[in-house]
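Below is one structure; the comments refer to it alone.
The values are calculated or read from the model by the stated rules, or taken from the named source; none is laboratory data. As the structure is a computational prediction, the values presented were derived from the model and not from experiment. Every residue, glycine among them, receives a Cβ derived from its backbone with ideal geometry; neighbour counts consider all protein chains shown.
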Amino acid sequence: MNFDEYRRKYYRREVADQDWAIEGMRGYSIYVSSYAEALIFYSEIFGEAHYKEKDFTHGWRLGDAWFTLFPSEKGDPQNVEITVYLQSKMEVDRLSQAFLTAGARGKKAEETLMYVPVYVSFLQDPFGLSWSLVHSLSAE
């Protein structure tokens, strides 16, 4: 299915009063019960935390957003997906490999339609998060 067919089939909503003037989403915080293991895992992927407050707040700057790790006494995240947009297919492949090397599960990136044409890798990390690593492709 090409993008025009895809758009006609799935795009339905007109502008509504609930279209808030949102500038963006710039932070994702997760709470994990295996904090020490999660800190090692995410540090292996993203490097040393860019922000550290005391012993139990670590954050990484990912583009214009912060990804922050906190300890949890109530278990791990469930049914949560974080989407990261990357500048090229090569960067999707490179970050995907870093996740897999650190212990995530997933499949090789592929081109598909997901709101727009994309190159995407879907991954599951050991702490319950789903990750979509995306590069936007031309709609033409």
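Scanning region 99-118 for residues being in contact (Cβ under 8 Å) with a residue 24 or more places away in the chain, surrounded by 13 or more Cβ atoms within 10 Å (Cβ to Cβ) and over 23 Å from residue 37 (Cβ atoms) gives a total of 4. Exactly one of (1) modelled with pLDDT under 95; (2) in contact with a strand residue (DSSP E or B) (Cβ under 7 Å, 6 or more places away or on another chain) is unmet by residue 59. Its number? The one condition residue 59 does not meet is (1). Residue count for region 81-98, restricted to those that are closer than 14 Å to residue 128 by Cβ and surrounded by 14 or more Cβ atoms within 10 Å (Cβ to Cβ): 1. Confirm whether residue 80 is out of contact with any Gly (no Cβ under 9 Å at 6 or more places or on another chain) and of a type in the set (A, V, I, L, M, F, W, C). For residue 80, the condition - out of contact with any Gly (no Cβ under 9 Å at 6 or more places or on another chain) and of a type in the set (A, V, I, L, M, F, W, C) - is not met. Considering region 35-54, the residues that are in contact with a helix residue (DSSP H, G or I) (Cβ under 9 Å, 6 or more places away or on another chain) and loosely packed, with under 15 Cβ neighbours inside 10 Å include one that is farthest from residue 123 (Cα to Cα), namely 40. Output the qualifying pairs, or none if there are none: Cβ atoms under 8 angstrom, residues six or more apart or on different chains, first residue in region 119-140 and on the phi > 0 side of the Ramachandran plot and of a type outside the set (Ser, Thr, Tyr), second residue outside any strand (DSSP E or B) and surrounded by 16 or more Cβ atoms within 10 Å (Cβ to Cβ). Final answer for the pair search is 128/76; 128/77.
Yes/no per residue for (1) assigned to a loop (DSSP other than H, G, I, E, B); (2) more than 21 Å from residue 36 (Cβ to Cβ):
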position: 68; (1), (2): no, no
position: 73; (1), (2): yes, no
position: 78; (1), (2): yes, no
position: 90; (1), (2): no, yes
position: 133; (1), (2): no, yes
